[in-house]
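The values are calculated or read from the model by the stated rules, or taken from the named source; none is laboratory data. The shown structure was predicted, so the numbers you read here are calculated from the model rather than taken from an experiment. When we count neighbours, we look across all protein chains shown, and the Cβ atoms used for this are built from the backbone with ideal geometry, even at glycine. For accessibility, only protein heavy atoms count, side chains too; no ligands or nucleic acids. Shrake-Rupley method; radii C 1.70, N 1.55, O 1.52, S 1.80 Å.
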Amino acid sequence: MKFFAAVQLNLVFALLEAVHGAPPALPSPSASCSTPTTVSGFTNAALPDPFVFNDGTPVQTVEDWACRRAQIGALIQGYEAGTLPGKLDQLSGSFSQSGTKGTLTITAETGGKSISFASTITYPSGTVPASGWPLVIAYEGGSIPIPSGFAVLSYSNSNMAQQNDASSRGQGLFFQLYGTNATASAMTAWVWGVSRIIDVLETTPAANINLQAIAVTGCSRDGKGALMAGAFEPRIALTIPQESGSGGDACWRLSLWEQQHGSVVQTATEIVTENVWFSTNFANFVNTLNVLPYDHHLLAAMVAPRGLISYENTDFAWLSPLSSFGCMSATHTVFQALGVPQNHGFEQIGGHAHCAWPANLTASLDAFFDSFVLNQTASTTFFSTNDVFYGVPWNASQWINWTTPTLTQ
Ligand code: MCU
């Protein structure tokens, strides 16, 4: 019965893809879906259950999950990310191309202020496919091997919101538009920029981009950012955070557990002092993580049922390897509940420098590109670690203490 429901769901997502050629989509949350930015009185030492709403009632259907996802997005903004502004009425773009180099320039206006930013798109040579080129939006250029046949947009996210150190708060183009007191963290400002790029690509046919075939990637701090873009922007078909570590595909609670067991990892208390990736409000919660009604397993779960593969590097304790593995194991239950576990991959190996690409990861990467961006058939069952987590004990049931339902239509 369970199997049947999963097959049925796969079929529904496949039909959605066939009809729209688009990434698999969730229904819109119903008008009655309530999305507060905080949950008062919440406390949970384990990872919060993805399958209960804020009020404790169970999530049973795909439509329920669409509402739960919206709740999670609001909570993440409320506690750690600040407010993500939406689409602007005053948005325009221009595009020029010389050979394989295109320049996409975007002008955004609100409240009497205006900013412009330009991105370079590097195109493959050859004939444009009928549906346009698939595109990778690469934070600061990215550092994964992108297969031939893709256009690559190099996104200057640090120009959108600076990330030098704590003094970067409120610095960058986004804050020129929304004011230096905007609550958005740098990562939130970066998501806003990605969404405006996609808005303008939608109205710029000359750029020849296949809007159903957009991936996002970035490494390290920019990997944290890439994960967040995939979580909040449903027009992204495939999300590829690389070595994002704490604040990315790791969970706050699990990183603290690693530290408590003697591993020198990055925790929430450190991260809010180091840089401006999170809102100023997050500093109020980093010493009482149990009150967070979410953790990063739920940030990553916002990507489902779209494609997500994250890569981690076991050579660096600072990246908090147990936390990433445990956190993504928790995220995986959401893809399972939606009947698409193969849409979520995780690979954690060592033997390479931070943000360098070892060739033995290319098979999974290419399979994810094939399946989720190019709509080709590929086996995408990749979920593994070779790590022993620097001796820190991992007991899944201590952290993932819910039963995974099969969400029905
Ligand atoms: C893994 O990403 C970050 C890390 O969170 C920071 O603590 C460290 O300073 O920088 C890393 C990074 O972005 O390296 C390029």
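Compute the accessible area per residue over segment 240-377, keeping the other protein chains in place, probe 1.4 Å, unit Å².
Accessible area per residue: 26 Å².
Computed over the Cα atoms, what is the radius of gyration of segment 258-349 divided by 2.2 N^0.38 Å, N being its residue count?
So segment 258-349 has a normalised radius of gyration of 1.17.
Along the charge dipole of segment 281-409, pointing to its positive end and built from +1/-1 on Cβ of Lys, Arg, Asp and Glu, which listed residue (LEU361, ASN386, SER324) has its Cα farthest out?
My answer, from the dipole projection, is SER324.
Provide the packing ranking of 297-308, 267-278, i.e. peptides ordered by the mean count of other C-beta atoms within 10 Å per residue, highest first.
Listed from highest to lowest mean packing, they are 297-308, 267-278.
Give me the percent of DSSP beta bridges within the chain that run antiparallel, rounded to the nearest 5.
Rounded to the nearest five, the antiparallel share is 45 percent.
Would you mind working out the magnitude of the charge dipole of the chain relative to its Cα centre, with +1 at each Lys and Arg C-beta and -1 at each Asp and Glu C-beta, to the nearest 20 Debye?
Computed charge dipole of the chain: roughly 500 debye.
Hey, what number do you get for the chain at 222 nm if only DSSP H runs of n ≥ 4 count, each worth -39500 (n - 2.57), divided across all residues, to the nearest 500?
Result for the chain: -9000 deg cm²/dmol, rounded to the nearest 500.
Counting residues in segment 105-213 as N, plug N into 2.2 N^0.38 Å and put the Cα Rg over that result.
Taking the Cα Rg and dividing by 2.2 N^0.38 Å, one obtains 1.16.
Carbon and sulfur together cover what percent of the accessible area of the chain at a 1.4 Å probe radius?
53
Restricted to Cα positions, what overall size does segment 90-150 have along the principal axes? Three whole-Å values, descending.
So the three principal-axis extents are 42, 26, 20 Å.
If you look at just the Cα atoms of segment 306-372, how large are its Rg and its Dmax in Å?
12.6, 35
Can you give the extra length, in nm with one decimal, that the chain gains between THR127 and GLN60 once fully stretched, where that is 0.36 nm per residue apart less the Cα-Cα distance?
Between THR127 and GLN60, full extension yields 19.5 nm more.
Taking the chain as a Gaussian network, Cα atoms linked when under 10 Å apart, which of VAL286, VAL136, VAL334 shows the biggest mean-square fluctuation?
VAL286
Using unit Cβ charges (K, R positive; D, E negative) and no other charged atoms, how large, in debye to the nearest 20, is the dipole of segment 271-395 about its Cα centre?
260
State the three equivalent ellipsoid semi-axes of segment 163-205, derived from the C-alpha gyration tensor as the square roots of 5 times its eigenvalues, in descending order and whole Å.
Its equivalent ellipsoid spans semi-axes of 24, 10, 8 Å.
In 5 Å bins starting at 0, how do the alpha-carbon pair distances of segment 283-409 split up by percent?
Each 5 Å bin holds this share of Cα pairs: 2, 10, 18, 20, 21, 16, 9, 4, 1, 0.
Quick check: residue separation of THR43 and SER167 times 0.36 nm, minus the Cα distance between them. What number comes out in nm?
Length gained, THR43 through SER167: 41.4 nm.
Could you pull the Rg and Dmax for the chain, using just the Cα atoms, both in Å?
When restricted to the Cα atoms of the chain, Rg and Dmax are 20.0, 59 Å.
What full-extension length gain, to one decimal in nm, is calculated for ASP370 and THR280 as 0.36 nm per residue of separation minus the Cα-Cα distance?
Result: 28.4 nm gained on full extension.
Residue farthest toward the positive end of the dipole of the chain, with Cβ of Lys/Arg at +1 and Asp/Glu at -1: which of PRO205, PHE53, THR122?
It is PRO205, whose Cα lies furthest towards the positive end.
At R0 = 30 Å, how high is the FRET efficiency between VAL264 and LYS101 if r is their beta carbon distance? Nearest 0.05 is fine.
My answer for the efficiency is 0.10.
Which order, highest average first, do 59-67, 176-184 follow once you tally other Cβ atoms within 10 Å for each residue and take the mean per peptide?
59-67, 176-184
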